[in-house]
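Here's the structure, in structure tokens; my notes come after.
Nothing in this text is a laboratory measurement; each read-out follows from the coordinates by a stated rule. Bear in mind that the values here come from a model prediction, so they are computed numbers and not experimental data. Please note: Cβ atoms are built from the backbone with ideal geometry, for glycine as well, and neighbour counts cover all protein chains shown.
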Amino acid sequence: MFKYFAHTKADIEKMLKSLNIDSMDDLFDELPKEVILDSDYDIPSFMSESELRSYFEELGNQNKELTLFSGLGAYDHYQPAVIDAITSRQEFMTSYTPYQPEVAQGTLQYIFEYQSMIQTLTGMDVSNASMYDGTTSTAEACFMAAAIRKKDKILISRTLNPNTINVIQTYLKFKGLEWDFIESKDGVTNLENLKKKLDNDIAGVVVQNPNFFGIIENYEGFSEIIKDNKSLFIINADISTLGVLKTSYELGADIACGECQSLGMPVSFGGPYLGYLATNKKYVRKMPGRICGYTNDLEGNRAYVLTLQAREQHIRRSKANSNICSNQSLMALFVTIYLSIMGKRGLKKVNNLSYQGSHYLYDKLIETGKFSDPFKKPFLKEFVLETSLSHDLIKEALLENNIFGGFSLASFGEEYENLINFAVTEKRTKSEIDNLIRILEGLS
Amino acid sequence: MSKILKDLYYSDDHEWVKVLENDVVLIGITDFAQSELGDVVFVDLPEEGDELVQGNEFGAVESVKAASDLIAPISGEIIEVNEELAAEPEKVNQEPYEAWFLKVKLNDSKELDNLLDHKAYKEEISE
Amino acid sequence: MIEYNKLIFELSIEDRIGYSLPDTKFNNYNISDLDEVFLRVDNPDLPEVSELDVLRHFTNISNKNFGVENGFYPLGSCTMKYNPKINEEIANSRNFKRLHPLQPIFTTQGAFKVYYDLQKILSEISGLSEFSLNPYAGAHGELIGLMIIKKYHESRGDFHKNKIIIPDSAHGTNPASVVVCGMEVIEIESNERGRVDVDFLKETVSNRDDIAGMMLTNPNTLGMFEDDICKISKLIHEAGGLMYNDGANLNALLGKVRPGDMGFDVMHINLHKTFSTPHGGGGPGSGPVGVTEELSDFLPNPRVKKMDDNFYVENSDEAIGQISSFYGNYLVSLRALIYLLTLGKENIKYVGRYATLNANYIKNALKTVYELPISGNCMHEVVFNGLINKENDVKTLDIAKRLLDYGMHAPTIYFPLLFSQAIMIEPTETESLQTLDEFINIMHKIAIEAKETPDKLKDAPTRTPIRRTDEVFAAKQMIFSYKDYLNYIDKRDN
């Protein structure tokens, strides 16, 4: 007897009898004898519910929740209580892909609303139902560009987060596509270098805004020369910042992609998060992933369905442009609820509060004389500095005060070894920021 | 029972070819093909000026639950694309032999000999 | 509140707010200080609604969904088992979900222990050497597993090995993953027993040196165990290829047999199927990839390693590369570990047995009215080919829709592609005999209705929040957002 199995001994006997067999093992008589297990797995014994609670509480206590002053793809924004209340409803949490639209309008409708919100934030025509994360959505955007342009090479700006670059490279390498880098200058993508590298083989050009250094790049002139070259412009952006910054569409993007973690998702030790992907309507049939569309039922009621499925792997099989068969649906619900709660004002305010806090911190750190800015470019909530202090010293001193911040970018590669990262969201209070400054001021 | 017209050429891939004059032909899909696909929602076609090569893929027809590649029945240069199908793909279901996809100038009219006549095509689809 | 049909945007009233944010503390700064070249011109069209508006809206639309706690959910190939509440309670603890993936590793040792222990347990259960939990989903796992196979051949200089054999019963993700990985598919037909034809396979691989491997789901998508599996593995290995196991159907094997012991070199496991993590309406899932010792250097970065009692992270040049931002869908992995420790070695061995017993019980009870294309014991799921009595032209779709009227979710339909009226039923081990009997009764009732009142089936469903949908309209109109919708209404009414 066990709580997740309903069968009693009598039930089992009744079922075996109906099948005319003596033992459940008879059902497995086609399995090769030589590989049938003759003992239990070598794994731990079961735990009762209260034992589990204590076990994981103890494990959890081996972790330390820190005040977060670094970002790099995972930001500590506030999560309205409403999100957990709604996303934990079993109707949303335990259902599967909406294959039967008659009993899945809840899921389908929030996907439609999610797509609408990504549409208005990016300014693009159409968003899909979501991808695994920002790195894979960017890699799939590159595949999409290659399929649309029937060309094999992607240009990647050096100012992308190295995690994103790594994932793009892995995807391209195995697919048999090529890539090259656009060098950076003073912390931003170098337009001259882009011009030099654009040639007939280039299917797409990928940039990130705000970039790996937190800098808001100026893309004036980019989309024109990319379009002149018949390549596609792919812009990766932290979606939260599009509440205030120029939209991907306004910057001339053909494909918009990136991470949505900043819209209501806890940092969760790296996942689950969600990647968005949006494009022009003329490219929709080359877009990976699910798409939800509006329709009617046979009585004329509003309805939502998965549509344009003839693009996807379950129909196209080896001819599909992508192998993705799910979305991060529940995380799309996080995004939809978050953006419903924040609305147009709230999202602007979040960005403004983050802007104010990060600029206050930035100015104060520069004032200490121990930090300098190698780039001096506009930023929003995240920035990098050089420092005369040892990176380890900073790390240790902050950790003693339960702070994670001033993250050394050295672990991302030698070229970044002098840089440290700070991020400030609306959650960071003035006293937290002042405390951080005081600790760093005291170091030498 | 699918409709088959007598004066057309047919391919194994369920496309028809109609000779208009000398070396100019129209290409579409057969009644059998449209009924197998169901409601056509999109026809993906190449552009005017593109070249077709007999046996190569040149586009796709999409219904709600299926997608079928279009295989060029003949080689030649595309001189016109039926733009109406973009707005009214249902024409492919309603009048498969009127709803032509491409008007093509043949490279070599001998290639027509590789295609089936209506009798052979009838046999093909009754198999 | 089934009639509720508003979009959140339609509740919007200017100047209404639902958020609570702190007051500005730094008045010297403002985002408008940024050069306007960087700022968006218009505000995004997001709704302006109150907190209660939001709650009512989503609660109302949630009522139009069917979840595992609503009723029987026999969706074949998806393993819709019960998703335990204790998993959710623990996974929601701030000691896990408030961890930044880049914070110093000695502040996240508990989190790494979860990762490490789960990969250990998965290795033992699958008979493989090591797992990476970084892949986000089943299809993602397939792609990562294929990358490992490709990398293995390349590391030996075998750049020409680029063909992957796949049975025609496979999930569509298999061939799609192969192509995305830059390899080619050789599809082989199943035999009349619904299994791989060993002689045909032998012929296929003979005299070729470009076989990179074979992808196989076992039990396969027909719910049948590939009983020649050991011979198949041997053939592929002799041809210089590796065996990939699509772990979608692992549930059937728990406690009975391990993929590694059957000759598989690489596999993915769907934690959202076999290990009870919620499907979330289509994600987030998790698709850990496991390999034999020989292949473990190729697992994706970053890797979680253990030395003495300490966990650390390693990035290796031999790896296929990085395939995710960080450590995959970490909180999903955490749920799977909680589930595995809830079961323990004492209970997990019954999962495959009960799942298989339940499927065979259904098969036996329905085979008199539904066409069973392949006889013999099935494993955790059973595939029928529509009704035996085809006279009223009642289709599998009609049967599925009628089930919705009776308060049960429909099985998977029209998959696998081998049978034109496929209906694939997977009951899972968490369902009781009473639930199975109820389902069987309804399926019999539907068979009678098909004979006596077929229109009832063709009209079904009638008791659901909406009726059958117009999919042609959706594909032609392409209304993908509220903006598209407003444009459509505008055009329609003018």
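Tabulated results
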{"read-out": "Sparse-neighbour loop sites [chymotrypsin sites (Phe, Trp or Tyr not before Pro); the stretch C:205-275; at most 11 other C-beta within 10 Å; DSSP]", "value": "none"}
{"read-out": "Label-point separation in nm, residue C:56 to residue B:125, each point 7 Å along Cα→Cβ", "value": "5.6 nm"}
{"read-out": "Estimated D of the stretch C:8-62 in µm² per second, where Rh is the Kirkwood radius over Cα pairs and Stokes-Einstein applies at 37 °C, 0.692 mPa s", "value": "234 µm²/s"}
{"read-out": "5 Å-binned pair-distance histogram of the stretch A:9-61 (Cα, whole percent)", "value": "4, 14, 13, 11, 12, 15, 11, 11, 7, 2, 0"}
{"read-out": "Whole-number D in µm² s⁻¹ for the protein assembly as shown, Kirkwood Cα-pair radius fed into Stokes-Einstein, 20 °C, 1.002 mPa s", "value": "71 µm²/s"}
{"read-out": "Label-point separation in nm, residue A:150 to residue A:181, each point 7 Å along Cα→Cβ", "value": "3.3 nm"}
{"read-out": "Folded to 0 to 90 degrees: helix A:134-149 orientation relative to chain A principal axis, Cα", "value": "90 degrees"}
{"read-out": "Quarter of the Cα convex hull surface for chain A, i.e. its orientation-mean projected area (nm²)", "value": "28.3 nm²"}
{"read-out": "Amide proton proximity set for residue B:63, modelled H, under 5 Å, gap of 5+", "value": "B:41, B:68"}
{"read-out": "Charge dipole (debye, nearest 20) of chain C; +1 at Cβ of Lys and Arg, -1 at Cβ of Asp and Glu", "value": "1000 debye"}
{"read-out": "Formal net charge of residues neighbouring residue C:75 (Cβ-Cβ distance under 13 Å; K, R +1; D, E -1)", "value": "-1"}
{"read-out": "Neighbourhood charge, 14 Å Cβ-Cβ cut-off, centred on residue C:454 and excluding it, Lys, Arg +1 and Asp, Glu -1", "value": "+1"}
{"read-out": "Environment charge at residue A:125 (Cβ cut-off 11 Å; Lys +1, Arg +1, Asp -1, Glu -1)", "value": "+1"}
{"read-out": "Chain C: DSSP helices with Cα axial extent of at least 15 Å and average Kyte-Doolittle hydropathy no lower than -1.0", "value": "C:51-62, C:109-126, C:138-155, C:330-366, C:433-452"}
{"read-out": "Förster radius 60 Å - calculated FRET efficiency between residue B:2 and residue A:397 (Cβ-Cβ, nearest 0.05)", "value": "0.15"}
{"read-out": "Cβ-Cβ FRET estimate between residue A:220 and residue C:93, R0 fixed at 30 Å, reported to 0.05", "value": "0.05"}
{"read-out": "Under 23 Å from the Cα of residue B:122 - lysines, other chains or at least 8 residues apart", "value": "B:3, B:6, B:18, B:91, B:110"}
{"read-out": "At most 15 other Cβ within 10 Å, DSSP loop - GluC sites (Glu not before Pro), the stretch C:35-88", "value": "C:69"}
{"read-out": "For peptides C:397-405, A:230-238, C:326-334, sequence by mean Cβ density within 10 Å, most packed first", "value": "C:326-334, A:230-238, C:397-405"}
{"read-out": "Two-site label geometry, residue C:42 and residue C:13: point separation in nm, points 7 Å out along Cα→Cβ", "value": "2.4 nm"}
{"read-out": "Nearby lysines by direct alpha-carbon distance to residue A:282 (threshold 20 angstrom, same-chain neighbours under 8 apart not counted)", "value": "A:150, A:151, A:227, A:230, A:319, C:476, C:483, C:491"}
{"read-out": "The stretch B:9-109 - convex hull of the alpha-carbon atoms, volume per residue in Å³", "value": "82 Å³"}
{"read-out": "Cα-based reach from residue C:81 at 22 Å (exclusive), listing lysines while leaving out same-chain residues under 8 positions away", "value": "A:3, A:9, C:64, C:256, C:273, C:345, C:349, C:363, C:401"}
{"read-out": "Principal semi-axes in Å for the stretch A:81-337 [√(5λ), Cα gyration tensor, largest first]", "value": "31, 20, 16"}
{"read-out": "Helix-only mean residue ellipticity at 222 nm for the protein assembly as shown, each DSSP H run of n ≥ 4 adding -39500 (n - 2.57), per residue, nearest 500", "value": "-10500 deg cm²/dmol"}
{"read-out": "On Cα atoms only, tilt of A:105-122 relative to the major axis of chain A in degrees", "value": "10 degrees"}
{"read-out": "log₁₀ of I(q)/I(0) at q = 0.09, 0.14, 0.20, 0.21 Å⁻¹ - the stretch A:258-400, Debye sum with one point per alpha carbon", "value": "-0.52, -0.93, -1.29, -1.33"}
{"read-out": "Cα long-axis angle, helix A:329-367 against chain A (0 to 90 degrees, to the nearest 10)", "value": "30 degrees"}
{"read-out": "Contour excess over end-to-end distance, with Cα ends at residue C:184 and residue C:63 and 0.36 nm allotted per residue", "value": "39.1 nm"}
{"read-out": "FRET efficiency, residue A:228 to residue C:371 (Cβ-Cβ, R0 56 Å, nearest 0.05)", "value": "0.40"}
{"read-out": "28 Å tail of the calculated P(r), the stretch C:87-343, as % of Cα pairs", "value": "31 percent"}
{"read-out": "Peptides ranked, highest mean first, by Cβ atoms within 10 Å: ranges A:291-298, A:134-141", "value": "A:134-141, A:291-298"}
